[in-house]
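Read through the structure below, which is laid out as structure tokens, and then see the notes.
The values are calculated or read from the model by the stated rules, or taken from the named source; none is laboratory data. The model shown is predicted, which means the values in this text are computed figures rather than measured ones. With ideal geometry, Cβ positions are generated from the backbone for all residues, glycine too; neighbour counts draw on all protein chains shown. Note: areas computed on protein heavy atoms with side chains; ligands, DNA, RNA excluded. Shrake-Rupley method; radii C 1.70, N 1.55, O 1.52, S 1.80 Å.
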Amino acid sequence: WPLIPLEIDPPDHGKWRSLLNPLLSPRRVVALEPVVRSRAIELIEGIKARGNSCDVMQDFAFPFAVSIFLQFLGIERAMLETFVEWAMDVLHGTPEKRTAGARKFIGYLDELQARRRAEPTDDFMSFVTQADIFERKMSEHEVRAMGVLLLIGGLDTVAAALGFDFYWLAKNPEQQALLRAEPARLVLAAEELLRAYPTVMPTRKATRDVEVAGAPIRKGELVACPSMTANRDPAEFTDPDRIILDREDNRHVAFAYGPHRCLGSHLARREIVIGLEEWLARIGPFRIKEGTAPTTHGGFVFGLDGLILSWD
């Protein structure tokens with residue numbers, strides 16, 4: 001199925017996008033902020049209680065992103081560990097685990113949308129099952145496609161961005177200390193780290209045969225658009241390979257560009273900033289644990305594995 005509205009073309013794309021924009025608007029994100037902060041604090045305090053080291057991806061970044069997704073979609077918190085497991089299988093598992101995890105996730109989404117059609121509440125799933133589009137209600141197929149897009153767009157991406165932020169700050173203790181002392185700098189810092197370490201490789205589908213710089217592209221083929229290359233363009237960014245945490249006029253494309261620009265960018269930004277704020281406020285100077293080294297994984301979402309942090 002197409003991921004709605006990401007893989008819907010104009011003119012229908014605009015109608016789907018207009019329907020969803022209010023759900024992820026800056027005003028809606030402000031309303032969600034207390035929940036986002038509460039989740040961050042809860043996870044960090046739990047990590048502190050267990051000692052002075054953690055795998056920050058497994059113990060914080062993924063559970064944090066998943067918990068916000070559950071809140072937004074209208075799923076009870078008791079499902080957190082289950083959804084983290086399913087997400088890890090779908091995003092990083094073997095082909096067999098990916099298939100099994102996807103079936104579990106889709107089965108749950110179908111069950112949830114059936115419940116919300118019968119008894120709506122104040123959450124995303126209720127909204128999409130009750131909303132009118134093209135003078136009709138959405139089909140089960142369309143609701144499922146939106147839910148899957150939220151899973152892909154809201155979990156791995158935010159967690160991966162946080163991972164690169166923690167990695168860079170662990171390697172740059174002076175900048176870490178500066179942000180800890182002056183947290184107001186975090187908004188600009190988060191944008192600069194998104195520029196330097198964009199996690200998503202946007203893709204587009206060719207609508208006709210074309211040749212670009214001598215490379216043939218056939219109609220229907222997927223084309224990867226490496227935002228990490230655009231974000232290091234010296235024609236746009238002064239000293240592009242240097243991370244300048246107070247860089248202004250930062251027109252990066254970490255959230256893509258144009259009609260398909262990331263619908264959840266406002267929420268993603270707040271999750272990243274709040275996660276860093278609460279971590280720096282509650283965890284002392286941290287570093288990559290001696291004897292460990294993270295690894296990166298590529299694909300359409302770039303990220304880190306095995307990022308073990310320790311602190312005094």
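Miscellaneous remarks
- The chain, dipole about Cα centre (Lys/Arg Cβ +1, Asp/Glu Cβ -1), debye to the nearest 20: 400
- Taking 25 Å as the straight-line reach from the Cα of residue 289, the lysines in range (excluding those fewer than 8 positions away in the same chain) are 48, 171.
- Span-like helix ranges in the chain, DSSP H, alpha carbon extent 27 angstrom or more, Kyte mean at least -0.5: 26-50
- Annotation: aspartates and glutamates with alpha-carbon distance below 19 angstrom to residue 97 (same-chain offsets under eight excluded): 81, 85, 89, 156, 305.
- Charged-residue dipole, Cβ positions (Lys, Arg, Asp, Glu), region 106-145 about Cα centre, Debye nearest 20: 80
- The residue list 121, 281, 189 was ranked by how far each Cα lies along the charge dipole of the chain toward its positive end, using unit charges on Cβ atoms, and 121 comes out on top.
- Multiplying the residue separation of residue 121 and residue 211 by 0.36 nm and subtracting their alpha-carbon distance yields 27.4 nm.
- Förster radius 30 Å - calculated FRET efficiency between residue 171 and residue 235, Cβ distance, rounded to 0.05: 0.60
- For residue 225, solvent-accessible area (1.4 Å; no DNA, RNA or ligand), Å²: 50
- GluC sites (Glu not before Pro), loop per DSSP, at most 13 other Cβ atoms within 10 Å - longest free stretch of the chain: 136-220
- Three-way shape label, region 42-114, alpha-carbon gyration tensor, a/c 1.5: oblate
- Candidates 215, 65, 177: whichever shows maximal mean-square fluctuation once the chain is modelled as a Gaussian network with Cα springs under 10 Å: 215
- Here is the P(r) of the chain: all C-alpha pair distances, binned every 10 Å from 0, give 5, 25, 34, 24, 10, 1, 0 in whole percents.
- Choice from 220, 46, 14 showing the highest fluctuation, given a GNM over the chain with Cα pairs closer than 10 Å: 220
- Full extension of the chain between residue 97 and residue 310 yields a length gain of 73.6 nm, computed as 0.36 nm times the residue separation minus the alpha carbon distance.
- Average accessible area per residue (Å²) across region 162-312 - probe 1.4 Å, nucleic acids and ligands excluded: 53
- If you take all other residues with their beta carbon under 15 Å from the beta carbon of residue 236, and give Lys and Arg +1 and Asp and Glu -1, the sum is -2.
- Here's the picture: charge each Lys and Arg Cβ at +1 and each Asp and Glu Cβ at -1 in the chain, and of 173, 201, 134 the one pushed furthest to the positive end of that dipole is 134.
- 23 Å Cα-Cα reach of residue 219 towards lysines, excluding residues that sit fewer than 8 places from it in its own chain: 205
- Assigned charges on the beta-carbon of Lys, Arg, Asp, Glu; region 170-311 dipole about Cα centre (debye): 420
- Sum of -39500 (n - 2.57) over DSSP H runs of 4+, divided by residues of the chain (222 nm, nearest 500): -16000 deg cm²/dmol
- Residue 94 accessible area, assembled protein chains, probe 1.4 Å, Å²: 70
- Gaussian network model of the chain, springs between alpha carbon atoms under 10 Å - residue of 51, 147, 284 with greatest fluctuation: 51
- Heavy-atom surface analysis with a 1.4 Å probe gives the chain a carbon and sulfur content of 55 percent of its accessible area.
- Diffusion of region 247-312 by Stokes-Einstein, at 37 °C in a medium of 0.692 mPa s and with Rh set to the Kirkwood radius over alpha-carbon pairs, works out to 220 µm²/s.
- Tensor-based shape of region 108-251 (alpha-carbon gyration tensor, a/c under 1.5 rounded, otherwise prolate or oblate): oblate
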